[in-house]
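> Below you will find the structure I want to go over with you.
What follows is calculated from the coordinates using simple rules that are stated; it is not laboratory data. Quantities reported herein were computed from a predicted structural model and do not represent experimental measurements. Cβ sites come from the backbone with ideal geometry, for glycine too, and all protein chains shown count toward neighbours.
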Ligand SMILES: *Cc1c(COP(=O)(O)O)cnc(C)c1O
């Protein structure tokens, strides 16, 4: 019998049955009283769990649309933006904001490392920046930014909004919007929430809402905070059709998160990541990110000598696991392995075992069971 295919890429992530069931429900009208109530409860939970007195938006779209929504509602042509980039997704803000005529300065780290805090502080002191963007976990490098510490230093610059791309971190890494001085945080449904792709979730604190007000009419229509705010305050209202079944699916994801506890969920991600990374290293792979800045949601795994990327990813697919390829300079040299959201021990053991079988089949020296043994010993700690 052919192996089932475990989707272990950095999004979409495995969708558990109870969430699938919500997507399979008969679609209701957007004015349906049951849906109106469910949507309202979802929004309330998102505010409480991410600890903000500000606003939250749940809109059909992906993480990239959320990036654009964050920028479009806080910056106008001619404003100054500092982009702190730890890889491909940090860099994505460059083109996005160039097109809008925003003046951009970029601090880039070498892949696998972070931009040091003192460099960010020195740059912010040079001139008035209207905002700074930081990618919490850059999916191209597996590097996690010190979001809390950066929030502390951005606090010193009164006119600067702090925009955090949480797409590969939110619901796995601790992110408390108001406490961490975050003005905008956003993610997509298909990463650590473990829902299918199709929803963006964006939190906007009071300072971001003030900034939106000061901009007047903005060129963007669908992603304008002002268009969606009446719906987020009264879910029986209409602006554009909500993704009904995905809203239900996200609500089920929130129910699972509340049952587990957000802090326990973060601790689980930390433990799983350490175990997966130890297992990968025991097999002879290297992890791109420096140890102290490693993501908990994915691993960016550099091949040992002699492994052909296309062959490795073809064979591992036959063995029942899908992984993603490396990006840019790391294309062909690395694979990316997601381990976030609602995955369990079976998923992780199967994944490491499939990696071992793949190494064996492509003729790499491998001691079968070594990675699995390391993984299980770490998980049992
Ligand atoms: C996946 C990802 C994005 C893009 O999200 P899409 O849903 O693919 O548009 C942006 N930023 C980060 C950090 C991501 O991991």
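> At 7 Å along Cα-to-Cβ for each site, give me the label-to-label distance between residue 98 and residue 121 in nm.
Modelled inter-label distance: 3.2 nm.
> Under the rule a/c < 1.5 gives rounded, and otherwise a/b versus b/c splits prolate from oblate, where does region 121-280 land using the Cα gyration tensor?
Verdict is oblate for region 121-280.
> Roughly how many Å is it from the Cα centre of region 234-262 to that of region 113-144, as a whole number?
Centre-to-centre (Cα) distance: 31 Å.
> Over region 241-381, what relative contact order in percent results from Cα pairs under 8 Å that are six or more residues apart?
26 percent
> Less than 17 Å from a label point 7 Å out along the Cα-to-Cβ axis of residue 3: which backbone N atoms in region 328-344 qualify, by residue?
Within reach of a label on residue 3, which here means backbone N under 17 Å from a point 7 Å along Cα→Cβ, region 328-344 contributes 335-339, 344.
> So what is the relative contact order of the chain, in percent, for Cα pairs below 8 Å that sit 6 or more residues apart?
Over the chain, the number comes to 23 percent.
> Further question on the same structure: How high is the relative contact order of region 128-197, given as a whole-number percent (alpha carbon pairs under 8 Å, six or more residues apart)?
31 percent
> Please work out the Cα center distance from region 180-204 to region 89-108, rounded to the nearest Å.
20 Å
> Grab the beta carbon distance between residue 179 and residue 380, set R0 = 35 Å, and tell me the FRET efficiency rounded to 0.05.
0.55
> Using a Förster distance of 41 angstrom, determine the FRET efficiency expected from the C-beta separation of residue 156 and residue 314, and round it to 0.05.
Efficiency computed from Cβ-Cβ geometry: 0.20.
> Considering only 304, 232, 180, give the residue with the highest GNM mean-square fluctuation for the chain, with springs between Cα atoms whenever their separation is below 10 Å.
Result: 304 has the largest fluctuation of those listed.
> Let me ask something else. Rounded to the nearest 5, what % of the DSSP beta bridges within region 69-152 are antiparallel ones?
Here the share of antiparallel DSSP bridges comes out near 15 percent.
> Along the Cα→Cβ direction, 7 angstrom out, place labels at residue 255 and residue 62. What is the inter-label distance in nm?
The modelled label-to-label distance comes out at 2.9 nm.
> I would also like to ask the following. How much length is gained on full extension from residue 213 to residue 290, taking 0.36 nm per residue of separation minus their Cα-Cα distance?
Net length gain for the segment: 23.6 nm.
> Per Stokes-Einstein, at 25 °C and 0.890 mPa s, what whole-number D in µm² s⁻¹ belongs to the chain, with the Kirkwood radius over Cα pairs as the hydrodynamic radius?
D, rounded to a whole number, is 114 µm²/s.
> A follow-up question, please. Could you check the simple spin-label distance between residue 49 and residue 370, using points 7 Å along Cα→Cβ, in nm with one decimal?
My value for the distance between the label points is 4.0 nm.
> Highest first, please rank the peptides 87-95, 344-352 by the mean number of other Cβ atoms sitting within 10 Å of their residues.
Listed from highest to lowest mean packing, they are 87-95, 344-352.
> Okay, next question. What is the list of residues in region 197-233 whose amide nitrogen lies under 17 Å from a point 7 angstrom out from the Cα of residue 40, following Cα to Cβ?
Answer for region 197-233: 229-233.
> Under 10 Å, Cα contacts only: if you run a Gaussian network model on the chain, which one of 209, 276, 67 comes out with the highest mean-square fluctuation?
209
> Arranged from highest to lowest average of other beta-carbon atoms within 10 Å per residue, in what order do the peptides 244-252, 9-17 appear?
Result, highest mean first: 244-252, 9-17.
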